[in-house]
Structures are given as C-alpha cells and as structure tokens.
Amino acid sequence: MSRFSFAVREGEALAKYTSWRIGGPAKYFAEPVTVEDLAILAEHLRSSGESFAFLGNGSNLLVPDEGFPGWVIHTQKLVGEIEFLSDNLVKAPAGILNAKLMRACANKGLGGVGFLAGVPGTVGGAVIMNAGIGAACVDDVIDSVESFCFSSGCREYSRDELNFSYRQQHFLSATELVLFAVFQLKSAPVDDLKKEIAESAKYRKEAQPIDKPSCGSVFRNPDSAPAWKLIDAAGLKGTRVGDAVISEKHANWIINLGNAKMTDVLNLIELMKERVKATSRVTLEEEVRVLKPVQIL
Ligand SMILES: Cc1cc2nc3c(=O)[nH]c(=O)nc-3n(C[C@H](O)[C@H](O)[C@H](O)COP(=O)(O)OP(=O)(O)OC[C@H]3O[C@@H](n4cnc5c(N)ncnc54)[C@H](O)[C@@H]3O)c2cc1C
C-alpha cells in the first residue's frame, strides 16, 4: 500500500512466518521500521477501527488456516542495534533474534542469557512469553522494557514495574508492542559462555525434534510433573490427526508432517488434554497461542 512509507503487503501467506508452517493470508502484513512508522500505523488503526496483532518470529503461534482478518504487524524490521551500556546492562531491540543477542553477549564476555540458546524467537517474543528453560527465564535477567502502545504511545517500565509469572507477563496491554528490552548481565569468561551455548545446542538436538516444523512445547508444565511425562503416560506418542503428530522424541511437541492445518493441531491438543485428564487427572494448559485480533478502543 503506497500511502505508507514502510512495507505493507495484502494477502501475505503467514505459514512462512510461523515455525509450524501453518497459517493462511493476512489481510494486511506490515513491516514498520521506526517509531514514527508505528505512530502512523496506530493513527490509521484508530481511525479505521481495523484489528491487528503482533508477530515476532512466529515460534509460539498458531495462525488460523483461513488467515487473519486485519493487520499483522511484523517486528523483525524494526530498527535498532544491540547496545552495551554501563554496569553490564545490554539494550536489545525487540525484533532481533535471541540467537543474535546471545552470541553478541557471549563475545563481550557477558553471561545470563545463555538459557535462550535454542529458543528460536525474537527478544520481544521472549519478553511476552517470559521464555526460558528449566529454572531460568527472562524474568531473572531483565532490567527494564520500552514499549509502544497503539492507544497511548511510548512508555518505559522500570524493573519494579515489570510483572512476570511462568511463561507469562502481566504489565503490557494487548495493544502494546515491546520495542526494547534491557538485560542485567554478569561478566563471565567468553569460552565458558560459548561452551554453554554449544552444550545447549547438543542437548536440544538429542532431546528435541528441532529439525521438524513445531512450536516447541505445546503445554505448560503443571506443578505435578512435566507435561511430556503425562502425555507419554497416556500412551499418546505418535498419535496423529491429519498431518499433525505427537513427536516420538518429545511427547509435548506436535510436529507438522507437511500439510497440517490449525484445526488438526487444535483437535490433537483437545485429544491430549482429554486423555491426560483421564489418566493423570491433570488439566493441561496450552503454552502456544492462537494469533488473535485486537482493536484500539
Ligand atoms: C524448536 C522450538 C524450541 C522452543 N523452545 C523453547 C524453550 O526452550 N523455552 C521457551 O520458553 N519457549 C520455547 N519455544 C517457544 C518460542 O520460541 C518462545 O515462546 C519465543 O519466546 C516466542 O518468540 P517469537 O518471537 O517467536 O514470538 P511469536 O511466536 O511471534 O509471538 C508470541 C507472542 O508474543 C507476541 N509478540 C511477539 N513479539 C512481540 C512484541 N515485540 N511486542 C508485543 N508482543 C509480541 C505475539 O503477538 C504472540 O502473542 C520453542 C519453539 C520452538 C519452535
């Protein structure tokens, strides 16, 4: 659409922007670059009343097969460089991949974000999901967040205004885009940090089907036991609906065998919840999210 100074495409297929390789076309797909672009887009969305949603690297998202009825705002073209500030603080733009942040920090001898190794998302997606593995998560190392709210503009959150829980944040509104995150890191030997990243990659290769289209873990881990154990105990590994199948390697992962639809994945998710409830009396809760439209009120 030529009236915008940044890229806007109509009918862009979303499957290529999600790690599950599932999703129909977006009515509009926008790639804003600057805060001014975001302000122009916000003004358009306010006056038109059209709906929108944010897309990082699409590694935790299910997108409907029929597509998205409004504007999908992709964050990966947002401008910004990683900045090394004083006192081991590192400021990262929301649209860059975790892998880039981690490597840059490791090269500078700054540790603390190594747990993001193998989390194939953006910094913004990591903040929204409080991404992590084992006991480590974003909440442990984040110092502050800068956002752009589509209703009220730019805002900064200091450490005591941040509010996270397991794989969730509770301080940003649904119309608020993460622009930057500042991390409080610690000095560490470069070789140790590189080793940590390499070991994480080795572990993931052995334990997870990372070579197949997926969204990683489908369910949050309940307090009682890891979700994969409960799904395995229900005898569900290898269960298939359409082209969506529960991985033999990791029972909490659903793989797209090639042509899976969102409905296949959702039906498989329902089956997993029912069977686990029946065998372990635990109600599983999804970690993956469906891309949902929001509007400026
Ligand atoms: C192979 C594989 C392994 C994985 N392993 C892990 C793991 O170990 N630990 C873990 O926690 N997760 C894991 N995940 C899940 C996923 O990578 C994380 O949840 C990741 O943080 C999502 O980031 P993203 O940029 O892909 O976000 P997306 O999937 O694009 O979006 C996720 C949510 O965040 C919102 N969002 C994205 N960017 C922004 C922004 N800038 N501002 C506001 N909202 C935004 C979206 O609207 C959506 O609601 C894995 C996924 C895969 C495919």
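A few points about this structure:
- The calculated Kirkwood hydrodynamic radius for segment 1-119 is 15.9 Å, given to one decimal from all distinct C-alpha pairs.
- Computed Rg/Rh of segment 7-74, alpha carbon atoms with Kirkwood Rh: 0.97
- Taking amide hydrogens as placed 1.01 Å from N in the peptide plane, the amide H of residue 287 sits under 5 Å from those of 219, 220, each at least 5 positions away in sequence or on another chain.
- Fluctuation leader among 46, 281, 103 - the chain, Gaussian network, Cα springs under 10 angstrom: 281
- Restraint check, 108/195; 194/249; 229/277; 16/100; 77/261; 195/229, Cα-Cα greater than 18 Å: 194/249; 16/100; 77/261; 195/229
- Which listed pairs, of 27/237; 27/205; 205/237, have C-alpha distances above 25 Å, in listed order: 27/237; 27/205
- Relative to one another, the C-alpha centroids of segment 1-30 and segment 117-181 are positioned 24 Å apart.
- Top of 235, 95, 125 by mean-square fluctuation, Gaussian network on the chain, Cα under 10 Å: 235
- Only aspartates and glutamates eight or more places from residue 212 in sequence, or on another chain, were considered; those with a Cα closer than 13 Å are 243, 248.
- Taking 279, 18, 175 in turn, the Gaussian network model of the chain (Cα-Cα springs below 10 Å) assigns the largest fluctuation to 279.
- In whole percents, the pair-distance distribution calculated for segment 209-284 from its alpha-carbon pairs, binned every 5 Å from zero, is 3, 19, 30, 27, 15, 5, 1.
- Rg/Rh for segment 83-206 (Cα atoms only, Rh after Kirkwood) is 0.97.
- Take the Kirkwood radius over Cα pairs of the chain, plug it into Stokes-Einstein at 10 °C and 1.306 mPa s, and you get 79 µm²/s for translational diffusion.
Bear in mind that the values in this text are calculations on the coordinates, not laboratory data. Just so we're clear, the structure is a prediction, and the values are computed from it rather than from any experiment.
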